Amino acid sequence: MDRSRWGAGLFVLALVLAAAPARARAERTCVLAAELHGVVSEGTATYLEDALARAEREGCALLVRVDTPGGMIEPTRRIAGAFLEARVPIVVHVAPGGARAGSAGVFVLLASHVAAMAPGSSVGAAHPVSLDGREASTELARKIESDTASLARAIAQQRGRNVEWAEAAVRESASATADEARRLGVIDLVVGSERALLEAIDGRVVSISPERAWTLHTRGAEVREHEMTIPQQTLALLGDPTIAYALLVIGIFALMIELATPGVGIAGGIGAMSFLLAAIGLGVVPVTIGGIALVGIALALFVAELHVASAGLLAVAGAVCLVAGAALLVDHADPSFFADESVGVSWGVVVPLAIVLAVAAVVLGIAVRRVRARPSVTGVEAMLGEVGAAASMIDGRGGAVRMHGETWRAVSDVPLPAGTPVRVIAVRGLTLRVIAADEGEGALA
């Protein structure tokens with residue numbers, strides 16, 4: 001009997017020991033990784049909400065890699081709100097070195113359960129400024145600033161971060177390096193690589209709700225990537241002001257080709273599609289009326305170059321307007337746009353495209369004017385100088401001539417017998433004025 005009890009006990013112990021590694025494996029936290037790169041937009045918010053929903057379904061922690069100059073405040077509110085209500089741990093890592101959680105990105109970092117930054121990264125500067133550096137001073141701007149500052153305070157307070165710094169980031173454009181942010185209590189740790197981050201937070205307990213805590217077991221955890229859908233990728237790409245500007249230039253170029261070579265419609269279709277995609281992209285960031293107007297003036301000047309021999313002056317003026325329009329395109333003074341001054345069109349793209357478009361306008365203009373200067377090669381006028389044969393007697397009262405297999409009415413100042421080779425020297429309606437072909441082309445009039 002004792003032996004059977006001992007045997008049963010050993011069997012149970014063996015089962016427990018065998019199950020222990022399985023339990024350890026089951027408790028290891030899986031990690032779902034998402035990206036927050038570029039301007040924060042509606043597409044960004046939708047993507048991160050999808051990633052969070054998947055993480056909650058699969059029971060994974062959500063790791064968000066951040067490198068953003070900021071963006072629109074309403075999508076940022078959506079992201080921060082979703083993170084605050086998350087039922088799984090949110091880990092935000094501003095990386096690699098040189099990355100930033102700028103402006104609107106501050107709220108995303110503050111809303112995480114675990115906030116980390118790589119050495120050499122930065123965070124802050126969440127206050128909107130105009131292009132000349134002066135703070136926006138309208139009543140609407142002040143209201144949005146106060147509202148956004150209260151949002152930053154609320155997020156920081158809920159996550160136990162530095163409330164004063166969070167408000168200063170909005171009201172005073174306060175910023176900090178990774179080490180400064182750690183010292184100020186804005187983030188939890190400074191760590192470089194993603195694998196080092198997962199090892200550093202292993203065993204950390206995060207509060208998901210007042211009633212629930214989650215212990216992270218991330219050492220050696222499986223990292224699953226959450227990819228953007230094609231519509232989200234497209235919107236994120238179009239949200240880059242440089243891409244939107246390039247699409248505007250492509251649209252202008254295609255329109256110029258269509259006007260220079262009408263009838264095919266392919267270039268016109270490409271131009272219309274480019275303008276549509278540019279409009280979608282420019283809807284992601286606020287734009288100024290002046291910037292759009294200057295681009296429109298540039299389009300008008302380039303089209304005028306096709307029809308007016310200006311020695312390239314109109315094309316040069318169009319290029320200048322295009323560059324000026326790019327400089328004013330993004331409205332940094334919009335109080336709902338919380339982004340760094342760096343958000344704009346790249347000068348490395350602006351200037352070359354403006355030069356190429358100006359040269360193209362001059363070349364196409366020369367080609368168009370040359371084509372218009374040529375004599376007509378279609379219709380009745382194309383018969384000038386052609387040689388045929390008199391089908392009957394031709395004199396001042398009229399006669400018939402055979403040209404290109406057709407019979408035409410013809411008149412001649414000198415009577416020409418039937419069968420005489422004749423040359424067309426003028427066309428009056430459907431009547432040809434002819435002379436004897438052997439008189440040469442000098443008589444053409």
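The values are calculated or read from the model by the stated rules, or taken from the named source; none is laboratory data. As the structure is a prediction and not an experimental result, all values here were calculated from the model. In this analysis, Cβ positions are derived from the backbone assuming ideal geometry, glycine residues included, and neighbour counts consider all displayed protein chains. Areas reflect the complete protein model, heavy atoms only, side chains present, ligands, DNA and RNA absent. Shrake-Rupley method; radii C 1.70, N 1.55, O 1.52, S 1.80 Å.
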Check: Any idea which of 186, 191, 205, 223 is touching a strand residue (DSSP E or B) at 6+ places or on another chain (Cβ under 8 Å), free of Cβ contacts under 8 Å to residues at least 12 places away in the same chain and within 25 Å of residue 92 (Cβ to Cβ)?
Finding: 205
Next item on the list: Just give me the residues in region 178-228 being basic (Lys, Arg) and closer than 19 Å to residue 110 by Cα, in sequence order.
Entry: 182, 183, 204
Notebook entry, point to check: Would you say residue 403 is modelled with pLDDT of 90 or more, touching a Gly at 6+ places or on another chain (Cβ under 6 Å), hydrophobic (A, V, I, L, M, F, W, C) and surrounded by 10 or more Cβ atoms within 10 Å (Cβ to Cβ)?
Noted result: no
Check: Out of all the residues in region 59-70, is one or more surrounded by fewer than 22 Cβ atoms within 10 Å (Cβ to Cβ) and hydrophobic (A, V, I, L, M, F, W, C)?
Finding: no
Next item on the list: Out of the residues in region 216-238 that are more than 17 Å from residue 50 (Cβ to Cβ) and open to solvent by less than 60 Å² (accessible area, probe 1.4 Å), state the one that is modelled with the lowest pLDDT.
Entry: 238
Notebook entry, point to check: Are any residues in region 166-215 assigned to a helix (DSSP H, G or I), open to solvent by less than 40 Å² (accessible area, probe 1.4 Å) and either under 17 Å from residue 62 (Cβ atoms) or aromatic (Phe, Trp, Tyr) (or both), and if so, which ones?
Noted result: 197, 198
Notebook entry, point to check: residue 310 fails exactly one of the following numbered conditions: (1) of a type in the set (Ser, Thr, Tyr); (2) under 26 Å from residue 239 (Cα atoms); (3) surrounded by fewer than 20 Cβ atoms within 10 Å (Cβ to Cβ). What is the number of that condition?
Noted result: (2)
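Yes/no matrix, rows are residues, columns are (1) in contact with a helix residue (DSSP H, G or I) (Cβ under 6 Å, 6 or more places away or on another chain); (2) at positive phi; (3) at pLDDT below 90:
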{"position": "32", "(1), (2), (3)": "yes, no, no"}
{"position": "58", "(1), (2), (3)": "no, no, no"}
{"position": "61", "(1), (2), (3)": "no, no, no"}
{"position": "64", "(1), (2), (3)": "no, no, no"}
{"position": "74", "(1), (2), (3)": "no, no, yes"}
{"position": "80", "(1), (2), (3)": "yes, no, no"}
{"position": "88", "(1), (2), (3)": "yes, no, no"}
{"position": "92", "(1), (2), (3)": "yes, no, no"}
Check: For region 72-129, list the strands (runs of 3 or more DSSP E) that sit wholly inside it and hold at least 1 residues that are under 18 Å from residue 149 (Cβ atoms); which are they?
Finding: 100-102, 122-124
Notebook entry, point to check: Of all residues in region 393-405, which are under 19 Å from residue 439 (Cα atoms) and in a loop (DSSP other than H, G, I, E, B)?
Noted result: 393, 396
Next item on the list: Would you check if residue 147 is in a helix (DSSP H, G or I) and in contact (Cβ under 8 Å) with a residue 60 or more places away in the chain?
Entry: no
Check: Taking the stated definitions as given, is residue 416 open to solvent by less than 60 Å² (accessible area, probe 1.4 Å), among the hydrophobic types (A, V, I, L, M, F, W, C), modelled with pLDDT of 85 or more and within 30 Å of residue 256 (Cα to Cα)?
Finding: no
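Just to be sure I understand, how many residues within region 40-71 are assigned to a helix (DSSP H, G or I), among the hydroxyl-bearing types (Ser, Thr, Tyr) and within 24 Å of residue 118 (Cα to Cα)?
Final tally of qualifying residues: 2.
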Next item on the list: Determine whether residue 304 is surrounded by fewer than 18 Cβ atoms within 10 Å (Cβ to Cβ), touching a helix residue (DSSP H, G or I) at 6+ places or on another chain (Cβ under 7 Å) and not in a helix (DSSP H, G or I).
Entry: no
Check: So is residue 283 without any contact (Cβ under 8 Å) to a residue 40 or more places away in the chain, closer than 28 Å to residue 68 by Cβ and small (Gly, Ala, Ser) or not?
Finding: yes
